Amino acid sequence: MTQKLVAFSVAALIFMVAALCFKFLSFSANGQYHAINIISSIEVLAENNYLVLAMLQSAVILLLPVTILFCLLYLLVPVLFGKKPKYAAVLLKTIFALRPWTMVEIFLVAVLVSLVKIMSMADIGIGISFYAYALFAVCMTCTLMYLDKHQLYLLTSCEMPDAPKRHSSSHSIQTTWALLVTSMLFYIPANTLPIMHTDILGDDQPSTIIGGVITLWKMGSYPIAAIIFIASVVVPVAKLSILCWLNYSVQSRYTGRKKTRMIGYRLTEFIGRWSMIDVFVVAILVSLIQLGNIMSIYPGYAALAFCAVVILTMMAAISFDTTLIWSDR
């Protein structure tokens, strides 16, 4: 396992460097041309006062994954030579704390969805960095797949940490309810306000999440419309529903169907991050399509609201105390 993790981590870092050095995507329409790389796409968002989207994108697709990779190499390279790495316990905690927030593969899928959405509007060019980032996503996914908490603690000669001391069950339940209710409140503007604005020759065309799905369906892009609908509508609603059911079940001290409830919790952990696809699609389109008065795309307030929904539901899942499912109080 050690050699595989080191190999995938090194390969991922190499492909990441390559992904940052070349053109990522280009867009041309009506004689106008605009090209971006990964860094410039983040800069475009920041320069147009979309700082939150810029910080979010840079964190989950670059900073956090690279931090995990460097931490792994710092820990495992000494292990290959029979030495014990320093600060192993702290770095292991960091790795597993950051792991749920890395979204490299989700960003890659969002790029593909974006390309399908705008292919009919203009000529799209794919640069070397796109392929390098795709390989980075593959290597990063393999790295995370081979991460095993127990084996890593054993390899680095660290004792497995004791289960974190929880506050009272009522505190955990109240925290989860607070996060869930807040995410529900954000879900309303996320679906009613425009998630992006398309300005064509001075004509502002706002688009909501559902509106975008309907447009894609009418265009005949049925798979992409289905992906956006599932990721942006079905998944958030399903996650909120499951977490509300789980939290209510432990609050009411229901002791049945423990395995079913645990499966439900694991399902929310797995699907929760994928709702970020629509946010990434907006960020990509905004950074790529900036042709002045001819055609430009701008994010709407719904993008920030929807981003808040995803983050809050992920935090709700983290705050939920799964030991209460197995409690026979």
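The values are calculated or read from the model by the stated rules, or taken from the named source; none is laboratory data. Model, not experiment: these values are computed from the prediction. Using ideal geometry, Cβ is built from the backbone for each residue, glycine included, and neighbour counts are taken over all protein chains shown. These area figures cover heavy atoms from the full protein model, side chains too; ligands, DNA and RNA do not enter into them. Shrake-Rupley method; radii C 1.70, N 1.55, O 1.52, S 1.80 Å.
Checking the condition under 21 Å from LYS23 (Cα atoms) and either touching a helix residue (DSSP H, G or I) at 6+ places or on another chain (Cβ under 9 Å) or not aliphatic (A, V, I, L, M) (or both), which residue from LEU92, LEU112, LEU73, LEU69 passes?
LEU112
Would you mind finding the one in TYR301, TYR254, TYR248 that is open to solvent by 20 Å² or more (accessible area, probe 1.4 Å) and either in contact with a Pro (Cβ under 7 Å, 6 or more places away or on another chain) or of a type in the set (Gly, Ala, Ser) (or both)?
That would be TYR301, the only listed residue that is open to solvent by 20 Å² or more (accessible area, probe 1.4 Å) and either in contact with a Pro (Cβ under 7 Å, 6 or more places away or on another chain) or of a type in the set (Gly, Ala, Ser) (or both).
Please go through (1) in contact with a His (Cβ under 7 Å, 6 or more places away or on another chain); (2) open to solvent by 40 Å² or more (accessible area, probe 1.4 Å) for ARG99 and return the number of the only condition it doesn't satisfy.
(1)
Right, ILE297: within 30 Å of HIS34 (Cα to Cα) and in contact (Cβ under 8 Å) with a residue 24 or more places away in the chain or not?
Spelling it out, ILE297 is indeed within 30 Å of HIS34 (Cα to Cα) and in contact (Cβ under 8 Å) with a residue 24 or more places away in the chain.
Name every residue in the stretch 15-30 that is more than 21 Å from the chain's Cα centre (by Cα), in a helix (DSSP H, G or I) and either among the polar types (S, T, N, Q) or more than 15 Å from ILE42 (Cα to Cα) (or both), in order of residue number.
Passing the criteria: only ALA18.
Could you go through the stretch 121-139 and let me know if any residue there is under 30 Å from SER319 (Cα atoms) and outside any helix (DSSP H, G or I).
No, every residue in the stretch 121-139 fails to be under 30 Å from SER319 (Cα atoms) and outside any helix (DSSP H, G or I).
Take the conditions in contact (Cβ under 8 Å) with a residue 60 or more places away in the chain and surrounded by fewer than 19 Cβ atoms within 10 Å (Cβ to Cβ) and apply them to MET262. Does it pass? Before the answer, list the steps.
Working: in contact (Cβ under 8 Å) with a residue 60 or more places away in the chain: yes; surrounded by fewer than 19 Cβ atoms within 10 Å (Cβ to Cβ): yes.
Yes: the conditions hold for MET262.
Of the residues PHE107, PHE81, PHE70, which is crowded, with 21+ Cβ neighbours inside 10 Å and not aliphatic (A, V, I, L, M)?
PHE107
So SER114 fits all but one of (1) modelled with pLDDT under 90; (2) open to solvent by 10 Å² or more (accessible area, probe 1.4 Å); (3) more than 30 Å from GLU159 (Cα to Cα); what number is the exception?
For SER114, the exception is condition (2).
Just for the stretch 16-42: of the residues that are surrounded by fewer than 20 Cβ atoms within 10 Å (Cβ to Cβ) and of a type in the set (A, V, I, L, M, F, W, C), which one is farthest from CYS142 (Cα to Cα)?
Out of the qualifying residues, it is ALA29.
Report, by residue number, each residue of the stretch 119-151 that is aliphatic (A, V, I, L, M) and more than 22 Å from the chain's Cα centre (by Cα).
MET119, MET121, ALA122, ILE124, ILE126, ILE128
Which count do you get for residues in the stretch 182-223 that are closer than 20 Å to VAL310 by Cα, in a helix (DSSP H, G or I) and open to solvent by less than 20 Å² (accessible area, probe 1.4 Å)?
5
List the residue pairs whose Cβ atoms are under 6 Å apart, where the first residue sits in the stretch 65-91 and is within 19 Å of GLU105 (Cβ to Cβ) and assigned to a helix (DSSP H, G or I), the second is of a type in the set (Gly, Ala, Ser) and open to solvent by less than 40 Å² (accessible area, probe 1.4 Å), and the two are 6 or more positions apart or on different chains.
LEU69/SER9; LEU69/ALA12; LEU72/SER9
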